[in-house]
Amino acid sequence: MSEQQWELSLTVQSAEETHALAAALGGVLEAGDLVILTGELGAGKTTFTQGLGEGLGVRAGIISPTFVLVRIHPNLPDGPRPGGPDLVHVDAYRLETAAEIDDIDLENTLDSTVTVVEWGRGRVEHLSDSLLDVELHRPLRPSPDAAGGVLDFDTDDDDEPRTIVIRGFGPRWAEQPLLPAALKGNS
């Protein structure tokens, strides 16, 4: 994998802000871009992908590909980015080896789509010399039994803050993308 070029750390207060940040980032993504999403259960990986899809102008209805591994969301010809890339959304949670990754044949579409891989860290970096690594963190709640706290798994709480760390790797991401000032103001 190429060297890290930059890092941006942001705090969002809600699922809406997570979605908006991702939509802004989706607006700068191009065919051939690889995005790796990392975060515990309920951290907002699918919400982030939904925002990317909006920014890319793909068909709505993005859900987690947990049981099918790969979902393809086509670009809308009458959407905000007609002729833009499709979105390939992958869940690599159950994939453990490079051979299993290769079996889903991402190389076939990588150059013509934006590929987003949930649980992809350590599994898909070999696919591209440039990538965005996006890490989503949920807050810990105090626990008398666990040092440092435990994750709060109340998935109905959309107003729970998240920390989102975006890292750019490789020549495609030599420069940090320009995002709206309201989103990058807390970096």
Simple label model, 7 Å out from Cα along Cβ direction - VAL70 to ALA174, nm: 3.1 nm
Nearest 10 degrees is fine. How inclined is helix 45-56 to the longest principal axis of the chain, computing both from alpha carbons? 40 degrees
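Listed highest first by mean packing, meaning other Cβ atoms within 10 Å per residue, what order do 43-51, 169-177 come in? Each step should come with its number before you reach the end.
On the way: 43-51: 24.2, 169-177: 15.6.
Averaged packing, sorted descending, gives the order 43-51, 169-177.
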Run the quick spin-label model on VAL28 and ARG81: label points 7 Å from Cα toward the beta carbon, then report their separation in nm to one decimal. 1.2 nm
Taking all protein chains as present, what is the carbon and sulfur share of the accessible area of the range 1-102, in % to the nearest whole number, probe 1.4 Å? 52 percent
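Tell me, in nm to one decimal, what length is gained between ASP129 and THR11 on full extension, where the rule is 0.36 nm per residue of separation less the Cα-Cα distance?
Going from the current span to full extension adds 39.7 nm.
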Could you tell me how many degrees, from 0 to 90 and to the nearest 10, lie between the Cα long axis of helix 15-26 and the main elongation axis, the longest principal axis, of the Cα atoms of the chain? 30 degrees
Treating only Lys and Arg (+1) and Asp and Glu (-1) as charged, each at its beta carbon, one finds that the range 1-154 has a dipole about its Cα centre, in Debye to the nearest 20, of 440 debye
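Run lengths n ≥ 4 of DSSP H only: what is the helix-derived mean residue ellipticity at 222 nm for the chain, with -39500 (n - 2.57) per run over all residues, to the nearest 500? If you can, show how the numbers build up before the last one.
Values: 5 runs with 38 residues, N = 187.
Value at 222 nm, helices only: -5500 deg cm²/dmol.
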1.4 Å probe accessible area per residue over the chain, in Å²: 49 Å²
Considering only DSSP beta bridges with both partners in the chain, what is the antiparallel share in %, to the nearest 5? 60 percent
How many nm is it between the label spots at THR163 and LEU140, if each spot is 7 Å from the Cα in line with the beta carbon? 1.1 nm
Ranked from highest to lowest mean number of other Cβ atoms within 10 Å per residue, what is the order of the peptides 2-14, 87-99? 87-99, 2-14
Sorted largest first, the Cα spans of the chain on the principal axes come out in Å as 51, 39, 34
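The values are calculated or read from the model by the stated rules, or taken from the named source; none is laboratory data. Everything numeric here is computed off the predicted structure, so don't read it as measured data. Glycine gets a Cβ as well: all are built from the backbone with ideal geometry, and neighbour counts include every protein chain shown. Please note that ligands, DNA and RNA were not included when accessible areas were found on the heavy atoms of the full protein model with its side chains. Shrake-Rupley method; radii C 1.70, N 1.55, O 1.52, S 1.80 Å.
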